[in-house]
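Student: Handing you this structure, nothing more for now.
The values are calculated or read from the model by the stated rules, or taken from the named source; none is laboratory data. Just so it is clear, the model here is predicted, and its values are computed rather than measured. Glycine also receives a Cβ, built like all others from the backbone with ideal geometry; neighbour counts cover every protein chain displayed. Accessible surface areas use protein heavy atoms only, side chains included; no ligands, DNA or RNA. Shrake-Rupley method; radii C 1.70, N 1.55, O 1.52, S 1.80 Å.
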Amino acid sequence: TAELVAALYDAADIPYDTNAAEFLYVAIATDTGSFRYPNTRPETHALAARLLATGIDTGSISHRLFDSMPAERFQMLVRVLNRMAFTANGRIAYSHVVLNDLRETGATGDDISELVNFGRSVRGVAVAVMFRELERCSTKVSFRSLNDFDCAQAARFFGGGGHHGAAGATIQMPLAMARK
C-alpha cells in the first residue's frame, strides 16, 4: 500500500514531507516485517531509501513499532507463550486466548493480533496458529507462515481468507472444538 501511495505522490509531483515519509516508512516496515518477508523487492528498498532521505528518525520508529508494547499486550504475550504447544514434529506451533484473558489483562484485540508471530519464530516451525475465543461458540483462527505452507488455503477451508503468509477464519464452534 505504501508503494501505491508513494506512486500517487510521485505522479502528482508532490514531495514527501516528514510526516508523510514517516507514515509511508511505517507501512513499509510493518508490511515487510522489517524487510524480512518475501514481498520485499528492490523497489521497496529504493522507496525506503527515498523516505530516509527526508530525515525521518528510523531508530525511533523502529523502537515504537517493534521494541515497545503496552503492559496489557505484554501480559497477553506471557499467557500466549505459556500455552504454546507444538505438534507435527515441531513444525506447527499453536496457542490460544480465551475471553477471560482480555478481561483479566485489560488487553484488546489489537493487543493480541500479532502474537501468533511468536510461534512462527521458533526454529523448525513451519506454521503458527492462534485460536482466539470470540464468544462461547465462535473462534477466530489465525495462521502465519514464512515458507511453502499456504495460510490462505488453510483459512479458505474454514471459510476465511488472507494471503499466502498470513490468513484467518472465524469458525462457529467453541475454542476447544476448533483446536481439535
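Student: Do any trypsin sites (Lys or Arg not before Pro) in region 26-127 lie in a DSSP loop with no more than 10 other beta carbon atoms within 10 Å, and if so, which?
Tutor: Those satisfying the criteria are ARG36, ARG123.
Student: Of all DSSP beta bridges located in region 30-180, what percent are antiparallel, nearest 5?
Tutor: 75
Student: Right, next: Between the helical axis of 71-83 and the dominant principal axis of the chain, each derived from Cα atoms, what acute angle in degrees is found, rounded to the nearest 10?
Tutor: For 71-83 against the chain, the angle is about 50 degrees.
Student: So, R0 is 30 Å and r is the distance between the beta-carbons of ASP31 and ARG136; what FRET efficiency does that work out to, to 0.05? Don't skip to the answer; put the middle values down first.
Tutor: Details: r = 35 Å, r/R0 = 1.16.
Plugging the Cβ-Cβ distance into 1/(1 + (r/R0)^6) gives 0.30.
Student: Oh, and also: Using DSSP to define loop residues, name the chymotrypsin sites (Phe, Trp or Tyr not before Pro) in region 35-116 whose beta-carbon has at most 16 other beta-carbon atoms within 10 Å.
Tutor: PHE35
Student: All other residues with a Cβ under 10 Å from the Cβ of HIS164 taken together, and with Lys, Arg as +1 and Asp, Glu as -1, what is their net charge?
Tutor: -2
Student: Would you mind computing, in nm to one decimal, how far apart the modelled labels at ASP10 and ARG179 are, each placed 7 Å from Cα along Cα→Cβ?
Tutor: 4.8
Student: What percent does the relative contact order of region 48-180 come to when contacts are Cα pairs within less than 8 Å and at least six residues apart?
Tutor: 17
Student: Grab the DSSP H runs of the chain that are 4 residues or longer, score each as -39,500 (n - 2.57), total them, divide by all residues and round the 222 nm result to the nearest 500 deg cm²/dmol.
Tutor: Numbers: 10 runs with 85 residues, N = 180.
Using -39500 (n - 2.57) per qualifying helix, the result is -13000 deg cm²/dmol.
Student: Take the Cα radius of gyration of the chain and divide it by 2.2 N^0.38 Å, with N its residue count; two decimals is plenty.
Tutor: My calculation over the Cα atoms of the chain gives 1.16.
Student: Report, to the nearest whole %, how much of the accessible area of the chain belongs to carbon and sulfur atoms, 1.4 Å probe, protein only.
Tutor: Within the chain, the accessible surface is 54 percent carbon and sulfur.
Student: Right, another one. How big is region 105-180 along each principal axis, measuring the range of its Cα positions in Å and listing the largest first?
Tutor: 33, 29, 20
Student: What accessible area per residue, rounded to a whole number of Å², is obtained for the chain using a probe radius of 1.4 Å?
Tutor: Accessible area per residue: 58 Å².
Student: A follow-up question, please. Exactly which GluC sites (Glu not before Pro) in region 68-161 are in a DSSP loop and have at most 16 other Cβ atoms within 10 Å?
Tutor: Those satisfying the criteria are GLU114.
Student: Something else about it: By how many degrees, 0 to 90 and rounded to 10, does the Cα axis of helix 2-11 deviate from the longest principal axis of the chain?
Tutor: 20
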